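Participant: Please read through the structure below; I'll follow up with questions.
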Amino acid sequence: MSTAQTSADQFEQLAMPLFDSLYNFAHWLTGTREEAEELVQETYLKALKGFSGFEQGTNFRAWIFRILRNAFLTSRTGLKAMPTVPFDVADEETVTAAVSEETPESLLLRRASQDAIQAALEQLPVIFREVVLLCDVEDMSYEEISQTVGVPIGTVMSRLHRARRALRQLLQEKVHGSCQ
Amino acid sequence: MTTDIWRSKVERYIDAELSDEDMRAMSEHLRECASCSSDALQQLQWKRAIRIAGQRYGPAAEFRRRINHQISPQTRLAWYWKPAFALAAVAVILVAGWFAYSTSQGRSQQLCSELVDIHVADLAASTPVEVVSSDRHTVKPWFQGKVPFTFDLPELENSPFTLAGGRLAYLNHEPGSELIYDVRRHHISVFIFRDTPELARSFSSKDVSRDVLKFYIESWSAHGLRYFVLGDANPTDIQQLAALLKQAGNG
């Protein structure tokens with residue numbers, strides 16, 4: 001068997017199990033099926049092309065998610081989405097105590113439908129939406145998210161915390177708005 | 001450790017990002033602290049709710065197939081080997097072409113040799129011709145009913161050639177005409193056969209000049225007939241007679 005085929009086999013074995021996750025993430029970033037498909041396709045082709053440069057033994061999932069994210073950032077939708085972020089990471093507040101003022105949380109969650117949570121997620125700026133999705137949906141560690149997004153772990157923690165707080169606020173508004 | 005410090009670790013505890021030691025310590029604390037325990041439970045519920053809501057989009061089956069096809073090693077292997085296949089195909093074509101060419105060359109050479117044999121054998125025979133006449137209007141009609149075609153013979157006035165006569169000849173089991181011409185002290189045979197597919201394959205080019213055992217041969221195809229002019233005469237003489245025959249054939 002040739003080296004090229006071995007490499008292609010290995011890539012397929014590593015990449016295809018992540019197909020659903022990559023597509024879901026891409027759809028959350030782009031917002032449309034067409035753009036998500038384009039993004040995933042671009043990701044797979046770029047990843048396959050650059051697979052020889054992938055360092056064996058390192059985190060493939062973070063590597064390919066990072067390719068997808070970078071491809072998104074250079075896309076038309078990505079370029080439009082990123083500048084809308086109101087602040088950047090360096091001066092973000094440090095991780096503080098979990099918010100307790102947003103109570104009763106259990107009641108809020110019971111009232112919130114899945115659609116409402118999804119709508120709130122959609123409203124989050126991309127840099128917050130992506131860390132929440134990578135952490136809570138993809139079960140990535142902070143380290144993996146740091147590699148994927150290309151920011152320090154402290155920034156990941158900060159963004160994650162702020163994203164979750166923003167989500168609760170958005171959801172609260174939705175739930176209270178629908179109750180009034 | 002104050003409650004605030006514990007609370008600051010709840011989020012990382014839920015995300016399983018604390019060190020093993022801190023995870024154990026936090027687990028113990030949560031058993032004792034109702035406030036932190038409630039906080040951790042709520043964050044866990046949030047995490048689960050987001051996980052469920054976040055798994056929202058699924059790829060279309062067709063899209064999955066497309067990507068699978070694009071990265072499949074088999075597909076890629078086909079592309080990887082495509083230049084090799086192309087080279088192999090070119091090689092096969094070249095070899096086949098060379099084989100066809102060499103076969104054709106070999107076959108035409110063999111046919112020319114046969115014609116030379118007939119020419120030599122006929123000249124050595126006690127009666128080299130079956131119809132003896134220098135008049136083309138006598139010789140040509142003699143072939144009627146003997147060969148499945150007709151032909152025109154040239155007027156030889158003002159040429160060095162003399163028609164000696166004609167006889168039947170066979171090539172590839174096909175009957176043909178053999179005409180004997182004399183030029184100075186040399187004898188030249190002109191063979192005319194139907195240009196059968198086999199002959200056409202053997203002589204892929206329309207006009208052929210060949211030298212077999214020092215016999216010079218001119219051959220061409222016209223109006224469905226294959227002509228051979230051969231003899232031990234000067235090639236110029238043979239070419240000249242061939243030109244006269246071509247001219248007559250086209251007239």
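The values are calculated or read from the model by the stated rules, or taken from the named source; none is laboratory data. As the structure is a prediction and not an experimental result, all values here were calculated from the model. We place every Cβ from the backbone using ideal geometry, glycine too, and count neighbours over all the protein chains shown.
Participant: Kindly indicate which of A:Leu121, A:Leu134, A:Leu170, A:Leu160 is of a type outside the set (Ser, Thr, Tyr) and closer than 19 Å to A:Asn70 by Cα. Walk me through it before giving the result.
Facilitator: On the way: A:Leu121 fails: closer than 19 Å to A:Asn70 by Cα; A:Leu170 fails: closer than 19 Å to A:Asn70 by Cα; A:Leu160 fails: closer than 19 Å to A:Asn70 by Cα.
Matching residue, one of A:Leu121, A:Leu134, A:Leu170, A:Leu160: A:Leu134.
Participant: Would you list the helices (runs of 4 or more DSSP H) that sit entirely within segment B:2-54 and hold 3 or more residues that are within 17 Å of A:Leu160 (Cα to Cα) and within 9 Å of chain A (Cβ to nearest Cβ)? Explain how you work it out, then say what you get.
Facilitator: Numbers: elements: B:3-14, B:20-32, B:34-54.
Correct list: B:3-14, B:34-54.
Participant: One residue is enough: does segment B:133-141 have a residue meeting the conditions touching a helix residue (DSSP H, G or I) at 6+ places or on another chain (Cβ under 8 Å) and either in the same structural domain as B:Gly224 (by TED's automatic domain parsing) or over 15 Å from B:Ala248 (Cβ atoms) (or both)? Break it down into steps so the answer makes sense when it comes.
Facilitator: Just the residues of segment B:133-141 that are touching a helix residue (DSSP H, G or I) at 6+ places or on another chain (Cβ under 8 Å), to begin with: B:133.
Checking the rest, the ones that are also either in the same structural domain as B:Gly224 (by TED's automatic domain parsing) or over 15 Å from B:Ala248 (Cβ atoms) (or both) come to B:133.
There is at least one residue in segment B:133-141 that is touching a helix residue (DSSP H, G or I) at 6+ places or on another chain (Cβ under 8 Å) and either in the same structural domain as B:Gly224 (by TED's automatic domain parsing) or over 15 Å from B:Ala248 (Cβ atoms) (or both).
Participant: Take B:His187 and decide whether it is loosely packed, with under 15 Cβ neighbours inside 10 Å and either touching a residue at least 12 places away in the same chain (Cβ under 8 Å) or touching a strand residue (DSSP E or B) at 6+ places or on another chain (Cβ under 6 Å) (or both). Working first, answer last.
Facilitator: On the way: loosely packed, with under 15 Cβ neighbours inside 10 Å: no; either touching a residue at least 12 places away in the same chain (Cβ under 8 Å) or touching a strand residue (DSSP E or B) at 6+ places or on another chain (Cβ under 6 Å) (or both): yes.
No, not satisfied.
Participant: Then there is this: For the structure I just gave you, tell me whether B:Gln43 is modelled with pLDDT under 90 and outside the structural domain of B:Ser8 (by TED's automatic domain parsing).
Facilitator: Numbers: modelled with pLDDT under 90: yes; outside the structural domain of B:Ser8 (by TED's automatic domain parsing): no.
Considered against the rule, which asks whether it is modelled with pLDDT under 90 and outside the structural domain of B:Ser8 (by TED's automatic domain parsing), B:Gln43 comes out as no.
Participant: May I pose another question? Quick check, is A:Arg66 modelled with pLDDT of 80 or more and away from every other protein chain (no Cβ under 12 Å)? Let's see the steps before the verdict.
Facilitator: On the way: modelled with pLDDT of 80 or more: yes; away from every other protein chain (no Cβ under 12 Å): yes.
Criteria met by A:Arg66.
Participant: Then there's this: Within segment B:206-215, does at least one residue satisfy the condition of being of a type in the set (Phe, Trp, Tyr), touching a Cys at 6+ places or on another chain (Cβ under 8 Å) and within 21 Å of B:Gln110 (Cβ to Cβ)?
Facilitator: Within segment B:206-215, the first condition is being of a type in the set (Phe, Trp, Tyr), and the residues that meet it are B:215.
Narrowing further to those that are touching a Cys at 6+ places or on another chain (Cβ under 8 Å): none.
No: segment B:206-215 contains no residue that is of a type in the set (Phe, Trp, Tyr), touching a Cys at 6+ places or on another chain (Cβ under 8 Å) and within 21 Å of B:Gln110 (Cβ to Cβ).
Participant: Going by the structure shown, is B:Leu179 over 36 Å from the mean Cα position of the chain (by Cα), buried (at least 20 other Cβ atoms within 10 Å of the Cβ) and in a helix (DSSP H, G or I)?
Facilitator: On the way: over 36 Å from the mean Cα position of the chain (by Cα): yes; buried (at least 20 other Cβ atoms within 10 Å of the Cβ): yes; in a helix (DSSP H, G or I): no.
It is false that B:Leu179 is over 36 Å from the mean Cα position of the chain (by Cα), buried (at least 20 other Cβ atoms within 10 Å of the Cβ) and in a helix (DSSP H, G or I).
Participant: Can you list residue pairs whose Cβ atoms sit under 9 Å apart, with the first residue in segment A:127-154 being without any contact (Cβ under 8 Å) to a residue 24 or more places away in the chain and small (Gly, Ala, Ser) and the second being crowded, with 24+ Cβ neighbours inside 10 Å and assigned to a helix (DSSP H, G or I)? Count only pairs 6 or more apart in sequence or on different chains.
Facilitator: Partner pairs satisfying both residue conditions: A:Ser141/A:Cys135; A:Ser146/A:Val156.
Participant: Out of B:Leu225, B:Leu244, which single residue is of a type in the set (A, V, I, L, M), modelled with pLDDT of 75 or more and within 18 Å of B:Ser159 (Cβ to Cβ)?
Facilitator: Values: B:Leu225 fails: within 18 Å of B:Ser159 (Cβ to Cβ).
It is B:Leu244.
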